[in-house]
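A.B. asks: Provided herewith is a single structure, encoded as structure tokens, for subsequent inquiry.
The values are calculated or read from the model by the stated rules, or taken from the named source; none is laboratory data. Just so you know, these numbers come straight off a predicted model, no measurement behind them. Cβ placement follows ideal geometry from the backbone for every residue including glycine, while neighbour counts extend to all protein chains displayed.
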């Protein structure tokens, strides 16, 4: 009998409990006189001399999807010669220890730090864990970090989110809302709180509207020329590199000299947003922008390298100098992607921009697309040169000509 809701509903109670074999090694249903149905896993231990029975869940309280997942999980443990019963006990012990530690962490800041270590860094990609930590440190701790967790009220969280929205950051407000929901639910799961104060916090539904802004050739020319209006030559070079390569601001800002070999820049997986190492072609025009001689290509006096947030703030300033409206950092990346898509197709565009793609393609499609990426970014650099050359007073390969 297959494990399904329809089949389990057919099992009627009798005066005494009875067992029914289900499809799957060791999978059984035990029907009690009360009508309750336990789905159980039977397996052998001690070289087959002893048998153990483990209840995976109860139908219909637990859904079929949950019961199947539990069965496959326990089967995998047996496949590795592990005892699911012992693993369950150990998991409960770990949860009890975590709950006790959580109870000792009284403030939002303390418990938030534990959440980052025990949830974000274990369950998420490196970049997502870093984003959680940044949200905690920059947005939450300064406002409610000193409060005891049980003292936090819903109205305080609503005000925190609304304050972020009022400062002109509705997208960040939504991300903070999502973090608070996960964080307080995690606290409830560990019996630190009876109920979450972050339930049904208001979302800014207009914040996540997809942008489609792409620079026209006229705007591209004006933007390229206006970069020379920046006082900091490192900022000039970093912004030009953003525009020439189409890569993400943090990846460009933290570009290390060790990542460059000849005409190629390899972004390591730990720095890539999607966790996938990425090769970026560096044409002659782009290589003229790579300034620093030390560890960092775009060094900064205030830190080791240019701050990614500085690039975010700089793009609108350049746009203002160029007389361009509503231009943000990601619009540059979208402009590059649109050009590549138009000339070379969507597949090459995704490879140039390092979009993750579906899992099957990542597993089975191992072609590197270096040839296509080189051709696409060479064509894009030529396009920028040709567009900018519309002004006789502008030679785009010289970053500081307008200052001379």
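A.B. asks: Does residue 236 fit the bill of being under 23 Å from residue 130 (Cα atoms), surrounded by 15 or more Cβ atoms within 10 Å (Cβ to Cβ) and either in contact (Cβ under 8 Å) with a residue 24 or more places away in the chain or touching a helix residue (DSSP H, G or I) at 6+ places or on another chain (Cβ under 7 Å) (or both)?
C.D. replies: The answer is no for residue 236.
A.B. asks: Separate question: Has region 1-19 got at least one residue that is at pLDDT 85 or above, surrounded by 11 or more Cβ atoms within 10 Å (Cβ to Cβ), touching a strand residue (DSSP E or B) at 6+ places or on another chain (Cβ under 9 Å) and assigned to a strand (DSSP E or B)?
C.D. replies: yes
A.B. asks: Of the conditions (1) within 25 Å of residue 228 (Cα to Cα); (2) modelled with pLDDT under 95, residue 277 satisfies every one except a single condition; which number is it?
C.D. replies: (1)
A.B. asks: Now for a different question. Go through (1) modelled with pLDDT of 90 or more; (2) buried (at least 19 other Cβ atoms within 10 Å of the Cβ); (3) assigned to a helix (DSSP H, G or I) for residue 164 and report which single condition fails.
C.D. replies: Tallying (1) modelled with pLDDT of 90 or more; (2) buried (at least 19 other Cβ atoms within 10 Å of the Cβ); (3) assigned to a helix (DSSP H, G or I), residue 164 fails exactly one: (1).
A.B. asks: (1) in contact with a helix residue (DSSP H, G or I) (Cβ under 8 Å, 6 or more places away or on another chain); (2) in contact (Cβ under 8 Å) with a residue 24 or more places away in the chain: which one isn't true of residue 143, the others all being true?
C.D. replies: (2)
A.B. asks: May I pose another question? With 94, 76, 51 as the choices, which residue is outside the structural domain of residue 112 (by TED's automatic domain parsing), modelled with pLDDT under 90 and within 23 Å of residue 185 (Cα to Cα)?
C.D. replies: Residue meeting the stated conditions: 94.
A.B. asks: Could you pull out the residue among 153, 231, 194 that is without any contact (Cβ under 8 Å) to a residue 40 or more places away in the chain and outside the structural domain of residue 292 (by TED's automatic domain parsing)?
C.D. replies: Only one candidate qualifies: 194.
A.B. asks: Considering only region 314-346, state which residues are in a helix (DSSP H, G or I) and under 22 Å from the mean Cα position of the chain (by Cα).
C.D. replies: If the condition is that a residue be in a helix (DSSP H, G or I) and under 22 Å from the mean Cα position of the chain (by Cα), then 329, 330, 331, 332, 333, 334, 337 are the ones that fit.
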